[in-house]
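Below is one structure; the comments refer to it alone.
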Amino acid sequence: MRHFRLEYILLYLHRISVFTQNLGQTLLMGALLQTTLAQQPMLLISHTVAAVLFSAGHFCNISWLGKHAMKIYLGVLACSTVMLIGSESVDGAAVFQLSPMQLQLCYLALVFPVVYGLFLYGMKGLETRGMAYGALAYFPFALILLVIPTMSGMLTYSFAAWAMLAVTIRKNWFSVPGHHRIRNIFVPVIFLAFALTGAFLSVKGTRLQVFLNPWQDSVDTGRVYCLLRDAVAQAALWGEGRADLSVIPTLSENYVLVYGIQRFGLGAFAVLMLLILGIGMFCIVRGMQQRTMLGTLLVLAVALTFVLQAFAYAYANLGYGLWDTLSFPFLSRGNTALLLDSLLLGCMLSVLRTGVWLRDAEPQKYGIKLLQIEKR
(Lines give C-alpha, C1' and ligand atoms only; values in the text may rest on other atoms or scores of the structure.)
Protein backbone atom coordinates (compact mmCIF):
# COMPACT_ATOMS: atom_id res chain seq x y z
CA MET A 1 0.00 0.00 0.00
CA ARG A 2 2.83 2.40 0.89
CA HIS A 3 4.62 1.51 -2.36
CA PHE A 4 1.46 2.28 -4.34
CA ARG A 5 1.07 5.70 -2.71
CA LEU A 6 4.73 6.54 -3.37
CA GLU A 7 4.30 5.64 -7.05
CA TYR A 8 1.19 7.82 -7.26
CA ILE A 9 2.98 10.81 -5.73
CA LEU A 10 5.98 10.41 -8.06
CA LEU A 11 3.70 10.20 -11.11
CA TYR A 12 1.83 13.28 -9.92
CA LEU A 13 5.06 15.26 -9.47
CA HIS A 14 6.26 14.15 -12.91
CA ARG A 15 3.11 15.52 -14.55
CA ILE A 16 3.48 18.83 -12.75
CA SER A 17 7.15 19.09 -13.76
CA VAL A 18 6.24 18.54 -17.43
CA PHE A 19 3.55 21.18 -17.15
CA THR A 20 6.05 23.60 -15.58
CA GLN A 21 8.53 23.00 -18.41
CA ASN A 22 5.84 23.79 -20.98
CA LEU A 23 5.03 27.08 -19.28
CA GLY A 24 8.73 27.93 -19.13
CA GLN A 25 9.01 27.31 -22.87
CA THR A 26 6.00 29.57 -23.44
CA LEU A 27 7.72 32.34 -21.46
CA LEU A 28 10.84 31.96 -23.61
CA MET A 29 8.76 32.02 -26.80
CA GLY A 30 7.10 35.25 -25.64
CA ALA A 31 10.50 36.85 -25.03
CA LEU A 32 11.72 35.95 -28.52
CA LEU A 33 8.46 37.12 -30.11
CA GLN A 34 8.52 40.51 -28.40
CA THR A 35 12.18 41.03 -29.24
CA THR A 36 11.39 40.32 -32.89
CA LEU A 37 8.37 42.64 -33.00
CA ALA A 38 9.65 45.58 -30.98
CA GLN A 39 13.34 45.26 -31.95
CA GLN A 40 14.29 46.02 -28.32
CA PRO A 41 16.58 43.44 -26.69
CA MET A 42 16.00 45.21 -23.35
CA LEU A 43 12.60 43.48 -23.25
CA LEU A 44 14.50 40.32 -22.30
CA ILE A 45 15.14 41.89 -18.89
CA SER A 46 11.40 41.91 -18.18
CA HIS A 47 11.11 38.25 -19.12
CA THR A 48 14.10 37.44 -16.93
CA VAL A 49 12.41 39.11 -13.95
CA ALA A 50 9.21 37.27 -14.85
CA ALA A 51 11.09 33.96 -14.77
CA VAL A 52 12.40 34.82 -11.29
CA LEU A 53 8.88 35.66 -10.06
CA PHE A 54 7.54 32.47 -11.63
CA SER A 55 10.14 30.45 -9.74
CA ALA A 56 9.45 32.33 -6.50
CA GLY A 57 5.73 31.60 -6.79
CA HIS A 58 6.38 27.99 -7.71
CA PHE A 59 8.39 27.32 -4.56
CA CYS A 60 6.54 29.61 -2.13
CA ASN A 61 4.70 28.44 0.99
CA ILE A 62 1.04 28.59 -0.08
CA SER A 63 -0.23 27.86 3.43
CA TRP A 64 1.08 31.30 4.50
CA LEU A 65 -1.52 32.92 2.23
CA GLY A 66 -4.30 31.05 3.99
CA LYS A 67 -3.09 32.06 7.44
CA HIS A 68 -3.13 35.75 6.51
CA ALA A 69 -6.11 35.75 4.13
CA MET A 70 -7.99 38.69 5.64
CA LYS A 71 -4.88 40.81 6.10
CA ILE A 72 -4.02 40.31 2.43
CA TYR A 73 -7.54 41.25 1.32
CA LEU A 74 -7.62 44.43 3.40
CA GLY A 75 -4.05 45.33 2.42
CA VAL A 76 -4.68 44.95 -1.32
CA LEU A 77 -7.95 46.87 -1.02
CA ALA A 78 -6.22 49.73 0.81
CA CYS A 79 -3.27 49.87 -1.62
CA SER A 80 -5.58 49.75 -4.66
CA THR A 81 -7.71 52.58 -3.29
CA VAL A 82 -4.66 54.74 -2.57
CA MET A 83 -3.24 54.12 -6.05
CA LEU A 84 -6.58 54.90 -7.67
CA ILE A 85 -6.89 58.18 -5.76
CA GLY A 86 -3.32 59.15 -6.66
CA SER A 87 -3.56 58.09 -10.30
CA GLU A 88 -3.99 60.20 -13.40
CA SER A 89 -5.95 59.49 -16.55
CA VAL A 90 -3.91 58.47 -19.61
CA ASP A 91 -5.92 57.68 -22.76
CA GLY A 92 -9.01 57.23 -20.63
CA ALA A 93 -7.51 54.74 -18.14
CA ALA A 94 -6.04 55.25 -14.66
CA VAL A 95 -2.23 55.13 -14.43
CA PHE A 96 -0.29 55.37 -11.17
CA GLN A 97 3.06 57.12 -11.49
CA LEU A 98 5.82 55.50 -9.48
CA SER A 99 9.01 57.03 -10.83
CA PRO A 100 10.61 55.75 -12.97
CA MET A 101 7.77 53.28 -13.63
CA GLN A 102 4.15 53.62 -14.61
CA LEU A 103 1.61 51.18 -13.22
CA GLN A 104 -1.51 50.71 -15.31
CA LEU A 105 -4.21 49.98 -12.76
CA CYS A 106 -6.25 47.87 -15.19
CA TYR A 107 -3.85 45.00 -14.42
CA LEU A 108 -5.16 44.89 -10.85
CA ALA A 109 -7.89 42.74 -12.37
CA LEU A 110 -5.33 39.92 -12.54
CA VAL A 111 -4.76 40.06 -8.78
CA PHE A 112 -8.28 40.67 -7.48
CA PRO A 113 -9.65 37.14 -8.15
CA VAL A 114 -6.92 35.52 -6.03
CA VAL A 115 -7.37 38.05 -3.21
CA TYR A 116 -11.14 37.58 -3.28
CA GLY A 117 -10.63 33.81 -3.10
CA LEU A 118 -8.52 34.32 0.03
CA PHE A 119 -11.35 36.35 1.57
CA LEU A 120 -13.78 33.48 0.94
CA TYR A 121 -11.26 31.11 2.51
CA GLY A 122 -11.32 33.21 5.69
CA MET A 123 -15.12 32.84 5.96
CA LYS A 124 -15.03 29.18 6.98
CA GLY A 125 -17.90 28.03 9.17
CA LEU A 126 -19.61 31.41 9.55
CA GLU A 127 -22.88 30.11 8.07
CA THR A 128 -25.15 32.69 6.42
CA ARG A 129 -23.11 35.55 7.87
CA GLY A 130 -19.95 34.30 6.14
CA MET A 131 -21.75 33.95 2.82
CA ALA A 132 -23.16 37.48 3.15
CA TYR A 133 -19.67 38.87 3.86
CA GLY A 134 -18.37 36.93 0.88
CA ALA A 135 -21.00 38.48 -1.38
CA LEU A 136 -20.32 41.99 -0.09
CA ALA A 137 -16.54 41.59 -0.43
CA TYR A 138 -16.96 41.29 -4.20
CA PHE A 139 -18.17 44.86 -4.67
CA PRO A 140 -15.17 47.01 -3.54
CA PHE A 141 -12.88 45.47 -6.16
CA ALA A 142 -15.64 45.57 -8.78
CA LEU A 143 -16.20 49.29 -8.17
CA ILE A 144 -12.46 49.98 -8.44
CA LEU A 145 -12.37 48.24 -11.83
CA LEU A 146 -15.39 50.26 -12.97
CA VAL A 147 -13.71 53.53 -11.97
CA ILE A 148 -10.35 52.71 -13.64
CA PRO A 149 -12.15 51.73 -16.04
CA THR A 150 -11.43 48.26 -17.45
CA MET A 151 -14.48 46.37 -18.63
CA SER A 152 -12.67 43.21 -19.69
CA GLY A 153 -10.94 43.17 -16.29
CA MET A 154 -14.29 43.73 -14.61
CA LEU A 155 -15.89 40.81 -16.46
CA THR A 156 -12.89 38.54 -15.82
CA TYR A 157 -12.90 39.30 -12.10
CA SER A 158 -16.68 38.93 -11.85
CA PHE A 159 -16.79 35.57 -13.59
CA ALA A 160 -13.95 34.20 -11.44
CA ALA A 161 -15.61 35.52 -8.26
CA TRP A 162 -18.93 33.98 -9.32
CA ALA A 163 -17.29 30.59 -9.85
CA MET A 164 -15.41 30.66 -6.53
CA LEU A 165 -18.42 31.69 -4.46
CA ALA A 166 -20.55 29.04 -6.17
CA VAL A 167 -17.94 26.37 -5.35
CA THR A 168 -17.67 27.42 -1.70
CA ILE A 169 -21.46 27.32 -1.34
CA ARG A 170 -21.69 24.01 -3.17
CA LYS A 171 -19.04 22.47 -0.89
CA ASN A 172 -20.73 24.01 2.16
CA TRP A 173 -17.59 25.89 3.21
CA PHE A 174 -19.72 28.30 5.27
CA SER A 175 -21.59 25.47 7.07
CA VAL A 176 -24.95 26.87 6.00
CA PRO A 177 -27.90 24.71 7.18
CA GLY A 178 -29.05 22.23 4.58
CA HIS A 179 -32.47 23.74 3.89
CA HIS A 180 -30.83 27.06 2.84
CA ARG A 181 -28.03 25.62 0.73
CA ILE A 182 -29.88 25.08 -2.55
CA ARG A 183 -31.49 28.52 -2.40
CA ASN A 184 -28.18 30.24 -1.68
CA ILE A 185 -26.45 28.70 -4.72
CA PHE A 186 -28.10 31.46 -6.78
CA VAL A 187 -26.45 34.26 -4.78
CA PRO A 188 -23.35 34.45 -7.05
CA VAL A 189 -25.60 35.31 -10.02
CA ILE A 190 -25.72 38.84 -8.57
CA PHE A 191 -22.05 39.24 -9.51
CA LEU A 192 -22.57 38.51 -13.19
CA ALA A 193 -25.69 40.66 -13.35
CA PHE A 194 -23.81 43.61 -11.81
CA ALA A 195 -20.77 43.14 -14.08
CA LEU A 196 -22.75 42.77 -17.31
CA THR A 197 -24.92 45.76 -16.47
CA GLY A 198 -21.86 47.93 -15.81
CA ALA A 199 -20.09 46.67 -18.94
CA PHE A 200 -22.99 47.32 -21.28
CA LEU A 201 -23.77 50.70 -19.76
CA SER A 202 -20.15 51.69 -20.44
CA VAL A 203 -20.64 51.14 -24.17
CA LYS A 204 -21.77 54.45 -25.59
CA GLY A 205 -24.03 54.58 -28.60
CA THR A 206 -21.27 55.77 -30.94
CA ARG A 207 -18.85 53.07 -29.83
CA LEU A 208 -21.44 50.35 -30.41
CA GLN A 209 -22.21 51.72 -33.87
CA VAL A 210 -18.50 51.73 -34.74
CA PHE A 211 -18.20 48.14 -33.49
CA LEU A 212 -21.11 47.05 -35.68
CA ASN A 213 -20.13 49.19 -38.71
CA PRO A 214 -16.40 50.00 -38.39
CA TRP A 215 -16.09 51.48 -41.88
CA GLN A 216 -18.12 54.49 -40.66
CA ASP A 217 -15.09 55.62 -38.61
CA SER A 218 -12.13 55.90 -40.97
CA VAL A 219 -9.88 57.75 -38.50
CA ASP A 220 -9.89 56.18 -35.05
CA THR A 221 -11.24 52.91 -33.59
CA GLY A 222 -13.22 51.90 -36.68
CA ARG A 223 -10.08 52.09 -38.83
CA VAL A 224 -8.26 49.69 -36.46
CA TYR A 225 -11.22 47.27 -36.56
CA CYS A 226 -11.11 47.30 -40.37
CA LEU A 227 -7.34 46.78 -40.50
CA LEU A 228 -7.53 43.83 -38.10
CA ARG A 229 -10.39 42.16 -39.92
CA ASP A 230 -8.64 42.63 -43.28
CA ALA A 231 -5.42 41.14 -41.85
CA VAL A 232 -7.30 38.08 -40.60
CA ALA A 233 -9.13 37.74 -43.93
CA GLN A 234 -5.80 37.75 -45.82
CA ALA A 235 -4.22 35.11 -43.58
CA ALA A 236 -3.50 31.60 -44.81
CA LEU A 237 -4.64 28.44 -43.08
CA TRP A 238 -0.98 27.46 -42.57
CA GLY A 239 2.04 29.60 -43.33
CA GLU A 240 2.48 33.30 -44.11
CA GLY A 241 -0.37 35.58 -45.13
CA ARG A 242 -0.50 38.58 -47.46
CA ALA A 243 -1.49 41.47 -45.14
CA ASP A 244 0.66 44.53 -44.45
CA LEU A 245 1.00 44.68 -40.65
CA SER A 246 3.03 47.90 -40.64
CA VAL A 247 -0.21 49.92 -40.81
CA ILE A 248 -1.59 48.43 -37.56
CA PRO A 249 -0.71 50.66 -34.55
CA THR A 250 0.72 49.25 -31.28
CA LEU A 251 1.13 45.82 -32.87
CA SER A 252 3.57 44.47 -30.27
CA GLU A 253 1.40 45.60 -27.35
CA ASN A 254 -2.22 45.01 -28.34
CA TYR A 255 -2.26 42.83 -31.45
CA VAL A 256 0.57 40.35 -31.17
CA LEU A 257 -1.72 37.47 -32.17
CA VAL A 258 -2.37 39.15 -35.53
CA TYR A 259 1.35 38.88 -36.19
CA GLY A 260 1.21 35.20 -35.30
CA ILE A 261 -1.79 34.64 -37.57
CA GLN A 262 0.00 36.29 -40.49
CA ARG A 263 3.29 34.51 -39.79
CA PHE A 264 2.03 30.99 -39.06
CA GLY A 265 -1.60 30.89 -40.21
CA LEU A 266 -5.08 30.55 -38.76
CA GLY A 267 -4.48 26.87 -38.05
CA ALA A 268 -1.64 27.69 -35.67
CA PHE A 269 -3.84 30.30 -33.99
CA ALA A 270 -6.59 27.70 -33.48
CA VAL A 271 -4.07 25.23 -32.02
CA LEU A 272 -2.77 27.90 -29.62
CA MET A 273 -6.25 28.75 -28.36
CA LEU A 274 -7.12 25.06 -27.94
CA LEU A 275 -3.89 24.65 -25.98
CA ILE A 276 -4.83 27.56 -23.70
CA LEU A 277 -8.29 26.08 -23.21
CA GLY A 278 -6.80 22.64 -22.51
CA ILE A 279 -4.37 24.03 -19.93
CA GLY A 280 -7.21 25.91 -18.26
CA MET A 281 -9.47 22.86 -18.12
CA PHE A 282 -6.62 20.72 -16.77
CA CYS A 283 -5.96 23.23 -13.99
CA ILE A 284 -9.64 23.63 -13.11
CA VAL A 285 -10.14 19.85 -12.89
CA ARG A 286 -7.03 19.52 -10.72
CA GLY A 287 -8.18 22.44 -8.63
CA MET A 288 -11.54 20.82 -7.92
CA GLN A 289 -9.68 17.67 -6.86
CA GLN A 290 -7.58 19.49 -4.26
CA ARG A 291 -7.88 18.25 -0.69
CA THR A 292 -8.07 21.79 0.68
CA MET A 293 -10.39 24.69 -0.04
CA LEU A 294 -7.36 27.00 -0.14
CA GLY A 295 -5.88 25.00 -3.00
CA THR A 296 -9.19 24.85 -4.86
CA LEU A 297 -9.82 28.59 -4.63
CA LEU A 298 -6.29 29.58 -5.66
CA VAL A 299 -6.24 27.26 -8.65
CA LEU A 300 -9.70 28.35 -9.79
CA ALA A 301 -8.83 32.04 -9.48
CA VAL A 302 -5.60 31.80 -11.48
CA ALA A 303 -6.84 29.32 -14.10
CA LEU A 304 -10.01 31.27 -14.87
CA THR A 305 -8.12 34.56 -15.05
CA PHE A 306 -5.52 32.95 -17.32
CA VAL A 307 -8.10 31.58 -19.78
CA LEU A 308 -10.47 34.57 -19.77
CA GLN A 309 -7.80 37.19 -20.39
CA ALA A 310 -6.35 35.07 -23.22
CA PHE A 311 -9.68 34.65 -25.00
CA ALA A 312 -10.65 38.32 -24.52
CA TYR A 313 -7.32 39.33 -26.06
CA ALA A 314 -7.74 36.88 -28.94
CA TYR A 315 -11.28 38.11 -29.65
CA ALA A 316 -10.04 41.71 -29.87
CA ASN A 317 -7.21 40.66 -32.19
CA LEU A 318 -9.74 39.33 -34.65
CA GLY A 319 -11.20 42.85 -34.89
CA TYR A 320 -14.19 42.43 -32.59
CA GLY A 321 -13.00 43.98 -29.33
CA LEU A 322 -15.99 45.84 -27.92
CA TRP A 323 -14.12 46.50 -24.66
CA ASP A 324 -10.49 47.03 -23.72
CA THR A 325 -8.21 44.02 -23.28
CA LEU A 326 -5.64 43.16 -20.63
CA SER A 327 -2.96 40.96 -22.15
CA PHE A 328 -2.22 37.57 -23.61
CA PRO A 329 -0.28 35.61 -20.96
CA PHE A 330 3.47 35.64 -21.69
CA LEU A 331 3.15 36.57 -25.38
CA SER A 332 1.84 40.14 -25.49
CA ARG A 333 3.94 43.09 -24.41
CA GLY A 334 3.17 44.69 -21.04
CA ASN A 335 5.61 44.50 -18.15
CA THR A 336 3.07 44.67 -15.32
CA ALA A 337 0.83 41.98 -16.80
CA LEU A 338 3.80 39.76 -17.61
CA LEU A 339 5.17 39.94 -14.06
CA LEU A 340 1.78 39.37 -12.41
CA ASP A 341 0.89 36.47 -14.71
CA SER A 342 4.24 34.82 -14.01
CA LEU A 343 3.90 35.16 -10.24
CA LEU A 344 0.29 33.94 -10.16
CA LEU A 345 0.92 30.96 -12.42
CA GLY A 346 3.92 30.05 -10.29
CA CYS A 347 1.71 30.09 -7.18
CA MET A 348 -0.89 27.95 -8.92
CA LEU A 349 1.72 25.37 -9.84
CA SER A 350 2.92 25.44 -6.25
CA VAL A 351 -0.58 24.40 -5.19
CA LEU A 352 -0.67 21.61 -7.77
CA ARG A 353 2.81 20.50 -6.69
CA THR A 354 2.15 20.44 -2.92
CA GLY A 355 -1.62 19.87 -2.81
CA VAL A 356 -1.17 16.30 -1.56
CA TRP A 357 0.36 17.59 1.68
CA LEU A 358 -1.62 20.82 2.22
CA ARG A 359 -4.20 21.08 4.99
CA ASP A 360 -6.75 23.81 5.60
CA ALA A 361 -5.74 25.91 8.61
CA GLU A 362 -8.16 27.06 11.25
CA PRO A 363 -9.34 30.62 10.50
CA GLN A 364 -7.72 33.28 12.66
CA LYS A 365 -9.69 35.74 14.75
CA TYR A 366 -9.58 39.37 13.81
CA GLY A 367 -10.21 42.31 16.12
CA ILE A 368 -11.72 44.55 13.47
CA LYS A 369 -15.07 45.77 14.74
CA LEU A 370 -16.17 46.71 11.25
CA LEU A 371 -15.57 43.12 10.14
CA GLN A 372 -16.37 40.81 13.03
CA ILE A 373 -15.88 37.64 11.06
CA GLU A 374 -14.79 35.22 13.76
CA LYS A 375 -17.27 32.52 14.64
CA ARG A 376 -18.70 32.99 18.10
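The values are calculated or read from the model by the stated rules, or taken from the named source; none is laboratory data. Remember, predicted model here, so these are calculated numbers, not experimental data. In this analysis, Cβ positions are derived from the backbone assuming ideal geometry, glycine residues included, and neighbour counts consider all displayed protein chains. For accessibility, only protein heavy atoms count, side chains too; no ligands or nucleic acids. Shrake-Rupley method; radii C 1.70, N 1.55, O 1.52, S 1.80 Å.
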Original post:
Nearest 0.05, what FRET efficiency do residue 139 and residue 271 give at R0 = 45 Å with Cβ-Cβ as r?
Top reply: 0.70
**OP:** Mind giving me the nanometre distance, one decimal, between the label points for residue 79 and residue 229, set 7 Å out from Cα along Cα→Cβ?
**Re:** 4.2 nm
Subject >> Net charge, residue 261 excluded, C-beta distance under 14 Å - Lys, Arg +1, Asp, Glu -1 >> reply: 0
Original post:
Contour minus end-to-end for residue 89 and residue 245, with contour as 0.36 nm per residue of separation and end-to-end as the Cα-Cα distance?
Top reply: 53.2 nm
**OP:** Find how much the distance from residue 197 to residue 101 grows on full extension, using 0.36 nm per residue of separation minus their present alpha carbon separation; answer in nm with one decimal.
**Re:** 31.2 nm
Subject >> Sulfur and carbon atoms: percent of accessible area, the range 111-163 [1.4 Å] >> reply: 78 percent
Subject >> Alpha-carbon gyration tensor eigenvalues x 5, square-rooted, for the range 68-130, Å >> reply: 30, 11, 9
Subject >> Carbon/sulfur fraction of accessible area - the range 258-310, other protein chains in place, 1.4 Å, % >> reply: 78 percent
**OP:** Give the calculated FRET efficiency between residue 71 and residue 291 to the nearest 0.05, with a Förster radius of 30 Å applied to their Cβ-Cβ distance.
**Re:** 0.80
